[in-house]
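Step one of this worksheet: look at the structure below.
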Amino acid sequence: MRQSFFGKDASTEWNRDRLQHQYGDRYVHHAADIRDREAMAKVFSTYGTSIELIIHS
């Protein structure tokens, strides 16, 4: 949403790409709004207690 509000330069895609490169399969990106309960429930039901870290940006 940052890109929607502040333009292309505000995008965090560069950081997502860096994390994917640095951590490979250990990093899984979900483009979901933290306010979307259904989307978050899906993530937690998929991964359960194997989630070690959430980065909200």
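Quick notes on this one:
- Single residue of the stretch 2-33 satisfying the filter (among the hydrophobic types (A, V, I, L, M, F, W, C) and surrounded by fewer than 12 Cβ atoms within 10 Å (Cβ to Cβ)) that is nearest to ILE55 (Cα to Cα): ALA31
- Within the stretch 29-54, residues that are outside any loop (DSSP other than H, G, I, E, B) reach partners that are among the small types (Gly, Ala, Ser) with beta carbons closer than 6 Å, at six or more positions or on different chains, in the pairs ALA39/ALA32.
- Condition check for PHE44: out of contact with any helix residue (DSSP H, G or I) (no Cβ under 8 Å at 6 or more places or on another chain) and surrounded by 10 or more Cβ atoms within 10 Å (Cβ to Cβ): yes
Any read-out appearing in this document is the output of simple, stated calculations on the displayed coordinates, not a laboratory observation. Since the model is a prediction, treat every value here as computed from it, not as a measurement. In this analysis, Cβ positions are derived from the backbone assuming ideal geometry, glycine residues included, and neighbour counts consider all displayed protein chains.
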